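**Q** Let me begin by handing over the structure; questions about it come next.
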Amino acid sequence: MRTLTELKFNNTYSELPSVFGTQINPQPLADPFLVSINPGICDLLELDVSEASTDFFVDLFTGNDELPGFCPIAMKYTGHQFGQYNPDLGDGRGLLMGEVLTSQGNKWDVHLKGSGTTPYSRQGDGRAVLRSSIREYLASAAMHGLGIRTTHALAILSSATPVYREQVERGSTLIRIAESHLRFGHFEYLFYTSQHAELKLLADYLIKHHFPDLLKQEENVPNRYAALFHRIISLTAEMIADWQSVGFAHGVMNTDNMSVLGLTFDYGPYGFLDDYNPGFICNHSDYSGRYAFNQQPSIALWNLSALGYAFSPLIDKALIDEALNTYQPQLQQYYSQKMRSKLGLAEKLEQDSALYSEMFSLLASQAVDYTLFFRTLSTIPKDALTDSTPQFEELFTCTAALSQWLQHYAERLELESADDQTRLKQMQAANPKYILRNYLAQQAIELADKGDFSMVDQLLLVLGSPYSEHPEYENYAALPPQWGKELEVSCSS
Ligand code: AMP
Ligand code: MG
């Protein structure tokens, strides 16, 4: 484990030509302090967790000090927001501070969100508030705990600097860690500004650092770019299958919020399903429901098509279309794998689609809690499924339709070869007990606003291993209160 000054750096992005961004330092926040540190993410960086309690750490990540190995840069990108192309995007309130190189040769971007204005801030103040930083911090940990690929958050810092939203809030920063911060929008920027040599340079950069096997596999350069696009499509399909299976709604699937590594990226007004509602819209500003939960699979394809268009100077149109055609079947395959694990079905049978449709209409018609339905199902032995099912009483208003489905499910389980205890164990490893419910994040935020960060740390711990039991935090696995389902979250953060 290293101190901050012992970290090794490899700032590859800053070596790209100047059109890729602007070098600029973070702007200081007043009277800064640490809110929370994630020890698991320190481990990724090989950073000693005790560094977080030093003044240098706090000062460095609030714009009050400098680390010689860093080379802060605001990345330039553009993107489609709610379907409209916006040429004026880029890191408007964040900076890529540097890239840390671990002893294993892993490269991690260290990004500071909330670091002040940049040339891409437009009318914004370049700041982030404590509320939004906590939401991103907890969501990154929750997704990682669920086994879903995501950016990470090392720590949250806050300050006495006032930031004006609907009310005055505390200027705060989030240290985001990711293999890469490259977005679909980076490629769109170079395409729409006709910088095709730079577009090629960026594709080569992405291959070199993140898909180096393609250099060997695809000697033919045009094929290599097509292969790169295929990889991005597969990673995106897998990410969307993951989201749909755990009930995660991103909320702002603009192309500038899509990672080319298939990482869940840029947490804003996201939401995890409480009641199963396929048309769930988590973003209060999404009036048309473009980014509703059940629209995510097709929106990801829309975004991939936008990326494919940006790749058109590098890849033949026919090859782009061919690649895009692989998205749907891959998504279907990943998703069906995920759902089979959730139901403990090792075998794939034709008749299962009827079982799934019956289950989803049952959950939707009675607005059943998505997470607790599957977790409860993971605790009932096959022979007990058709008995009166007291475990489900809290979740269903009418158990007659449920009994019928349970009977179909029990019949289906008869066709499985694994023994029942093994099945239940596997199901518990596929169905989380703990999920980052909106109201839990809200409670943690309200306490944090009063200077009590204990709930942030407790949720970090529980959500880090959501498939395990945490008897001391049983309350975090409870059904949400009615008010907790009605909270409104929008883009203003
Ligand atoms: P987001 O909705 O967070 O994905 O941000 C979309 C664009 O707006 C990006 O270019 C951001 O950098 C920029 N942005 C968001 N909030 C702010 C802010 N408070 N100040 C400056 N730029 C911002
Ligand atoms: Mg964004």
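**Q** Could you say whether any residue in the range 325-345 is modelled with pLDDT of 95 or more, open to solvent by 30 Å² or more (accessible area, probe 1.4 Å) and not in a helix (DSSP H, G or I)?
**A** Yes, the range 325-345 contains at least one residue that is modelled with pLDDT of 95 or more, open to solvent by 30 Å² or more (accessible area, probe 1.4 Å) and not in a helix (DSSP H, G or I).
**Q** Every residue in the range 472-486 that is under 16 Å from residue 455 (Cα atoms) and either assigned to a helix (DSSP H, G or I) or modelled with pLDDT under 95 (or both), please.
**A** 472, 473, 474, 475, 476, 477
**Q** Is it true that residue 454 is free of Cβ contacts under 8 Å to residues at least 12 places away in the same chain, closer than 27 Å to residue 130 by Cβ and small (Gly, Ala, Ser)?
**A** Yes; evaluated as a whole, the condition is true for this residue.
**Q** Okay, moving on. Please go through the range 117-127 and give me each residue that is near ligand 1 (Cβ under 8 Å from one of its atoms) and either open to solvent by 10 Å² or more (accessible area, probe 1.4 Å) or part of a strand (DSSP E or B) (or both), ordered by number.
**A** 117, 118, 120, 121, 122, 123, 124, 125, 127
**Q** Against the conditions (1) touching a residue at least 24 places away in the same chain (Cβ under 8 Å); (2) away from ligand 1 (no atom under 16 Å from the Cβ); (3) farther than 28 Å from residue 87 by Cβ; (4) not aliphatic (A, V, I, L, M), where does residue 200 fall short? Just the number, please.
**A** (3)
**Q** Are any residues in the range 60-95 closer than 20 Å to residue 157 by Cβ and in contact with a Pro (Cβ under 7 Å, 6 or more places away or on another chain), and if so, which ones?
**A** 62, 63, 64, 72, 74, 95
**Q** Taking the criterion of being more than 25 Å from residue 94 (Cβ to Cβ) and buried (at least 23 other Cβ atoms within 10 Å of the Cβ), would at least one residue in the range 175-185 satisfy it?
**A** Scanning the range 175-185, I find no residue that is more than 25 Å from residue 94 (Cβ to Cβ) and buried (at least 23 other Cβ atoms within 10 Å of the Cβ), so the answer is no.
Residue by residue, here is whether (1) modelled with pLDDT under 95; (2) open to solvent by 60 Å² or more (accessible area, probe 1.4 Å); (3) farther than 28 Å from residue 462 by Cβ; (4) not in a loop (DSSP other than H, G, I, E, B) holds:
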{"position": "14", "(1), (2), (3), (4)": "no, no, yes, yes"}
{"position": "25", "(1), (2), (3), (4)": "no, yes, yes, no"}
{"position": "29", "(1), (2), (3), (4)": "no, no, yes, no"}
{"position": "44", "(1), (2), (3), (4)": "no, no, no, yes"}
{"position": "50", "(1), (2), (3), (4)": "no, yes, no, yes"}
{"position": "59", "(1), (2), (3), (4)": "no, no, yes, yes"}
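**Q** Any idea which of (1) away from ligand 1 (no atom under 16 Å from the Cβ); (2) open to solvent by 20 Å² or more (accessible area, probe 1.4 Å); (3) outside any loop (DSSP other than H, G, I, E, B) is the one residue 225 doesn't satisfy?
**A** Failing condition for residue 225: (2).
**Q** Restricting to the range 243-292, name every residue that is of a type outside the set (S, T, N, Q), in a helix (DSSP H, G or I), open to solvent by 10 Å² or more (accessible area, probe 1.4 Å) and more than 10 Å from ligand 1 (Cβ to nearest atom).
**A** 246
**Q** I need the full set of residues from the range 77-87 which are within 13 Å of ligand 2 (Cβ to nearest atom) and open to solvent by 10 Å² or more (accessible area, probe 1.4 Å), in order please.
**A** 77, 80, 81, 82, 86
**Q** Between residues in the range 108-124 that are free of Cβ contacts under 8 Å to residues at least 40 places away in the same chain and residues that are within 11 Å of ligand 1 (Cβ to nearest atom) and not small (Gly, Ala, Ser), which pairs lie under 9 Å by C-beta distance while being six or more apart or on different chains?
**A** 121/91; 121/93; 122/88; 122/89; 124/93; 124/117
**Q** Taking the range 359-390 on its own, how many of its residues are farther than 21 Å from residue 419 by Cβ, open to solvent by 50 Å² or more (accessible area, probe 1.4 Å) and in a helix (DSSP H, G or I)?
**A** Residues meeting the conditions: 3.
**Q** If we scan the range 128-151, do we find a residue that is part of a loop (DSSP other than H, G, I, E, B), more than 10 Å from ligand 1 (Cβ to nearest atom) and open to solvent by 20 Å² or more (accessible area, probe 1.4 Å)?
**A** yes
**Q** Taking the residues in the range 91-103 that are of a type outside the set (Ser, Thr, Tyr) and open to solvent by 10 Å² or more (accessible area, probe 1.4 Å) as candidates, determine which candidate is nearest to residue 120 (Cα to Cα). Write out each step before concluding.
**A** Of all residues in the range 91-103, those of a type outside the set (Ser, Thr, Tyr) come to 91-101.
Narrowing further to those that are open to solvent by 10 Å² or more (accessible area, probe 1.4 Å): 92-93, 101.
Working: 92: 5, 93: 8, 101: 28 Å.
Taking the candidates together, the pick is 92.
**Q** Still on this structure, I have one more. Find the strands (runs of 3 or more DSSP E) located wholly in the range 75-116 whose residues include 3 or more that are modelled with pLDDT of 95 or more, more than 10 Å from ligand 1 (Cβ to nearest atom) and more than 22 Å from residue 136 (Cα to Cα), and list them.
**A** Ranges flagged: none.
**Q** Going by what's in this entry, would residue 18 be described as surrounded by fewer than 21 Cβ atoms within 10 Å (Cβ to Cβ) and either at pLDDT 95 or above or in contact with a strand residue (DSSP E or B) (Cβ under 7 Å, 6 or more places away or on another chain) (or both)?
**A** Here the answer is yes, as residue 18 does meet what is asked.
**Q** From the list 218, 166, pick out the single residue that is assigned by TED's automatic domain parsing to the domain that holds residue 51 and at pLDDT below 95. Quick ask: steps written out before the conclusion?
**A** Working: 218 fails: assigned by TED's automatic domain parsing to the domain that holds residue 51.
Step by step, each of 218, 166 is checked, and only 166 is assigned by TED's automatic domain parsing to the domain that holds residue 51 and at pLDDT below 95.
**Q** Taking residue 161 as the residue in question, decide whether it is in contact (Cβ under 8 Å) with a residue 40 or more places away in the chain and open to solvent by 20 Å² or more (accessible area, probe 1.4 Å).
**A** Yes.
**Q** Continuing with this model, one more query. Could you grab me the full set of residues in the range 434-471 that are in contact with a Phe, Trp or Tyr (Cβ under 9 Å, 6 or more places away or on another chain), open to solvent by 40 Å² or more (accessible area, probe 1.4 Å) and part of a helix (DSSP H, G or I)?
**A** 447, 458, 461
The values are calculated or read from the model by the stated rules, or taken from the named source; none is laboratory data. Quick caveat: nothing in here was measured; it's all calculated off a predicted structure. For neighbour counting, all protein chains shown are included, and Cβ atoms are generated from backbone atoms with ideal geometry for every residue, glycine included. Heavy atoms of the whole protein, side chains included, go into the accessibility calculation; ligands, DNA and RNA do not. Shrake-Rupley method; radii C 1.70, N 1.55, O 1.52, S 1.80 Å.
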